[in-house]
Amino acid sequence: MHDIAIKHGRVYHEGRWVKTNVYIDDERIAAITDDDLPAHEIIDATQKDVLPGLIDPHVHFELDLGEAVSVDDFLGGSKAALHGGVTTVIDFLDPTDTVEGLKAAYIKRKKQAEKSLIDVRFHATLKAPKCDLEAYVKTVKALGMHSIKVFTTYSESGRRTDDDAIATLLKLTTKHDFTLVVHAERDERIVHDDRFTHEDLTTSRPEVAEIEAALRLSELIRVTAGRAYMVHTSSGRTVELLKQRAADLLNKKLFLETCPQYLIFNEDRLKGEEGKRFTFAPPLRDDVARQKLLAHENAIYAFGTDHCAFHWADKDKPRLRDIPLGIGGVEFSYGVLDLVVGESVVQRMSERLATLFKIEGKGRLSEGAIADVAIYDATPRVVESHHGNADYSVYTGETVSGKFTDVIARGNVVLRDGLLVMKEDA
Ligand SMILES: [Zn+2]
């Protein structure tokens, strides 16, 4: 007698869709078979897609920006994630520049993440380093993390890591087997002006900043033979140039991430008062850049959301410098990407991320894997509401490919018929 049976679904198994059944015992997948076996709980997945629990490698829950804190904490953020079929997120430690600071940041974020309904991993975050980089890397690995985020920009808040340190870190990626996660915008190209409004966001953070930083990163990877994951690639021109000049590195040494917002929105969304809703960094680009991103999507290694939600009141400020940058998205990434990119997004939201960031037992449906399963009703719909804490979502009114009806995380049914199954104390 198995604990749970998911019957008659269209199951994503070994890279293709097959009509079969999935059986779960405790927190593992016990069997994937056409056989009709008994189980305590049966989920009928007829006419539904059965996916591995998705992984969002780029979220900012409860991110403290000083003047504002992102409104989805680990509880609210994980609720939204579950409605998006996401059973694992990778968030970030606060930026640190010493080994001691790193250890304290890890303890702080681990504590905050205890409220989460899903598994949380972390990328360590390094700011303008003041320590021995190898000692920092060794501590990251000792704490069980496999990635370190750096910024090539944000010098004004002391977060920029210079090229020499990036080259040193890239060399260390092979020695210590981790991935350097890079926010690539060339700092010298970023323009700050107190008179800027939200409509000046693309002037403040121009596309050329991303292009130059991305090309520079590819050169540093070539010289060092290191490995990097470039977050939130915003422009198809960046991808096009990387394909021309660094095709041999893509998906081998240089792994590109983009986010759903860059594929379906363009900079016109920033116009007018309502445009404040669409403020994030890097910003939306022109429509040619968006179309090129779609055209070159096969060069994108994986998708993340950069989920960092705020309320409208946080956004409704006349000056750009007072607006916290970021939007929610974890709930809608699969529905948006499935519609505009197609089914290749499954692997790019699961297995590839489990591989790159060493999330053991996750990312695929197979016997013995951790039982993280997301069941999807692929009936296109217009988004009318969302489940995060923020009082708005940029995806309201947008079309998505369907809706997650049931989600199992580590063998527990946590979403049933579209409703969260909450534990007593949550
Ligand atoms: Zn981010």
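Nothing in this text is a laboratory measurement; each read-out follows from the coordinates by a stated rule. Bear in mind the structure is a predicted one, so any value in this text is a computation, not a measurement. FYI the Cβ positions are ideal-geometry reconstructions off the backbone, even for glycines, and counts take in every protein chain you see.
Note on the range 133-249: Cα convex hull, mean projected area over all directions, 7.9 nm². With a Förster radius of 60 Å applied to the C-beta separation of E41 and A135, the computed FRET efficiency comes to 0.75. Express in % the proportion of alpha carbon pairs of the range 282-348 at distances exceeding 21 Å. Summing the P(r) tail past 21 Å for the range 282-348 gives 39 percent. Taken about its Cα centre, the chain carries a charge dipole of about 1100 debye when Lys and Arg each add +1 at the Cβ and Asp and Glu each add -1 at the Cβ. First check a/c for the range 220-327, with a ≥ b ≥ c the square roots of the eigenvalues of its C-alpha gyration tensor; if it is under 1.5, answer rounded, and if not, answer prolate when a/b is larger than b/c or oblate otherwise. It comes out prolate by the Cα gyration axes. Remark on R285: its backbone amide H falls under 5 Å from those of E267, a criterion applied only to residues 5 or more positions apart or on other chains, H modelled at 1.01 Å from N. Counting only DSSP beta bridges whose two residues both lie in the chain, roughly 45 percent are antiparallel.
For the chain, a Gaussian network of Cα nodes joined below 10 Å ranks D306, D72, D338 by mean-square fluctuation, and the top entry is D338. Taking amide H atoms as placed 1.01 Å from N in the peptide plane, the amide H of V11 lies under 5 Å from those of V18, K19, T20, V50, each 5 or more residues away in sequence or on another chain. Over all distinct Cα-Cα pairs of the range 11-116, the Kirkwood formula returns a hydrodynamic radius of 16.8 Å.
Projecting the Cα atoms of C259, V400, V223 onto the charge dipole of the chain (Cβ charges, centred on the Cα centre) puts V223 farthest toward the positive pole. Per residue, the convex hull spanned by the Cα atoms of the range 53-356 amounts to 116 cubic angstrom. Averaged over residues, the count of other Cβ atoms within 10 Å places the peptides 235-247, 26-38, 117-129 in the sequence 117-129, 235-247, 26-38, highest first.
A straight chain from S157 to T174 at 0.36 nm per residue would run longer than the Cα-Cα distance by 3.2 nm. Note on the range 264-421: Cα convex hull, mean projected area over all directions, 10.5 nm². Compactness of the range 331-420 was expressed as the Cα radius of gyration divided by 2.2 N^0.38 Å, which yields 1.16. Using θ = phi - 60° in the Karplus curve 6.51 cos²θ - 1.76 cosθ + 1.60, the 3J(HN,Hα) couplings for the range 382-387 round to 9, 5, 10, 8, 9, 10 Hz; x is entered for Gly and Pro. Calculated mean residue ellipticity at 222 nm for the chain: -8000 deg cm²/dmol, from DSSP H runs with n ≥ 4 weighted as -39500 (n - 2.57), summed, divided by the residue count and rounded to 500. Modelled this way, with points 7 Å down the Cα-to-C-beta line, the labels at H13 and D322 are 5.8 nm from one another.
With 22 Å as the limit, write out which pairs from K141/K171; K110/K403; K111/K171 have Cα-Cα distances beyond it, or answer none. Cα-Cα > 22 Å for K110/K403; K111/K171; rest within. Packing here is the average count of other Cβ atoms within 10 Å per residue, and on that basis the peptides 53-62, 403-412, 190-199, highest first, run 53-62, 403-412, 190-199.
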